[in-house]
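> Here it is: the structure, laid out below.
The values are calculated or read from the model by the stated rules, or taken from the named source; none is laboratory data. Predicted, not measured: the structure shown is a model, and the values here were computed from it. SASA here: full protein model, heavy atoms, side chains in, ligands and nucleic acids out. Shrake-Rupley method; radii C 1.70, N 1.55, O 1.52, S 1.80 Å.
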Amino acid sequence: MTPAPPGVPAAVSPRQARLALLRAGLLDQVETAVKAGTKAAQIEWEFGLEVRRDHEWLAAVAGQLGLSDAQVDDLFR
């Protein structure tokens, strides 16, 4: 995943990420994808202090859900 373009936060809080996903109707799908992923991704999702736009686990989950970089950017905004 490429770094966040100008105007897109490089990171958001876990609360912000979950609320954005909930509003987009994607929270359940993301949680399912994370549970099916690596233990490291599960730890990042559950205990991370921030969700980084350029993190590899985020790219993997976005890819599983068929989300484009533009759609991920919109979620971060």
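> Kindly provide log₁₀ I(q)/I(0) values, in the same order as q = 0.18, 0.23 Å⁻¹, from the Debye equation applied to equal alpha-carbon scatterers of the chain.
-0.65, -1.14
> Starting at the first residue of segment 8-21, write each ³J(HN,Hα) from the Karplus equation 6.51 cos²θ - 1.76 cosθ + 1.60 with θ = phi - 60°, in whole Hz, x for Gly and Pro.
Calculated HN-Hα couplings, in order: 10, x, 6, 8, 9, 6, x, 5, 4, 4, 5, 5, 5, 5 Hz.
> Could you order 46, 31, 56 by accessible surface area, starting with the largest, using a probe radius of 1.4 Å? Please report the intermediate quantities before stating the final value.
Details: 46 125, 31 60, 56 150 Å².
Result, largest first: 56, 46, 31.
> Using a 1.4 Å probe on the protein chains only, how many percent of the accessible area of the chain belongs to carbon and sulfur? Display every interim value, and only then the final one.
Working: 2700 of 4800 Å².
On the chain, the fraction of accessible area on carbon and sulfur atoms equals 56 percent.
> On to the next question. Hey, what's segment 1-43 come to in accessible area per residue, 1.4 Å probe, Å²? Spell out each step's value before the answer.
Numbers: 2730 Å² over 43 residues.
Here the residues of segment 1-43 average 63 Å² of exposed surface.
> With θ set to phi - 60° and the Karplus curve 6.51 cos²θ - 1.76 cosθ + 1.60, what are the ³J(HN,Hα) couplings of segment 53-68 in order, to the nearest whole Hz, using x for Gly and Pro?
Taking θ as phi minus 60°, the curve returns 4, 9, 6, 5, 5, 5, 4, 5, 5, 4, x, 4, 8, x, 8, 7 Hz for segment 53-68.
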